[in-house]
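This report concerns only the one structure given below.
The values are calculated or read from the model by the stated rules, or taken from the named source; none is laboratory data. If you're wondering where the values come from, they're calculated on a predicted model, not measured in any experiment. Note: ideal-geometry Cβ built from the backbone for every residue, glycine included; neighbour counts use all protein chains shown.
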Amino acid sequence: MNNDPENKWTVKAARLAAQNGKLREWVIDFLEGPVGHNLEFVADVRKNPSWVFDDPIMFPLKDMFPITGRPEDNRYFKDKDWDKRVASIAQAIVDGWSPPPLIVTNYYGNPNSVVDGNHRWAAMIKNGQTEYWAIFFRQI
């Protein structure tokens, strides 16, 4: 994997990791790092070696189910700073930032649940995008 922080968490890097049979490691590194910073989910990944991460694919954003949102959104996880974070990410995308792939699963009961990248998902929708790269994971 590329150690350059500007390129390490890109779709291209995830696809390269998948080609090299290292996607699970890439996901763990991403989730533990400052960009992903999803320590609860990475702990679950480490506890479940039977979870398999599929190569990134383009997937319709409208067919994904966010599990994080504003307190009033009735989501599994609540974020009081939701609007501010989404706006910041939306602007970063407009300014040229390419977000890491979203991490999605059917494992938690809802089809296509966004397990990592809920803010990125909302920012892309806000910007009018209709699809984006997703890494699906499943239990074998």
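Overview of results
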| read-out | value |
| --- | --- |
| Matching residues, region 42-72, being buried (at least 17 other Cβ atoms within 10 Å of the Cβ), more than 12 Å from V114 (Cβ to Cβ) and either touching a Ser or Thr at 6+ places or on another chain (Cβ under 7 Å) or modelled with pLDDT of 95 or more (or both) | F53, P56 |
| Test: residue in region 87-102 that is of a type in the set (A, V, I, L, M), modelled with pLDDT of 90 or more and outside any helix (DSSP H, G or I) | yes |
| Residues satisfying the stated conditions in region 17-48, i.e. out of contact with any Phe, Trp or Tyr (no Cβ under 6 Å at 6 or more places or on another chain), charged (D, E, K, R) and closer than 16 Å to F136 by Cβ | D44 |
| So D83, is it of a type in the set (D, E) and surrounded by fewer than 21 Cβ atoms within 10 Å (Cβ to Cβ) | yes |
| Residue in region 43-60 that is more than 23 Å from V27 (Cβ to Cβ) and free of Cβ contacts under 8 Å to residues at least 12 places away in the same chain present | no |
| Single unsatisfied condition, A123 versus (1) surrounded by fewer than 19 Cβ atoms within 10 Å (Cβ to Cβ); (2) in a helix (DSSP H, G or I); (3) not aromatic (F, W, Y) | (1) |
| Any hit, region 1-10, residues being in contact with a strand residue (DSSP E or B) (Cβ under 7 Å, 6 or more places away or on another chain) and either farther than 25 Å from G128 by Cβ or at pLDDT 90 or above (or both) | no |
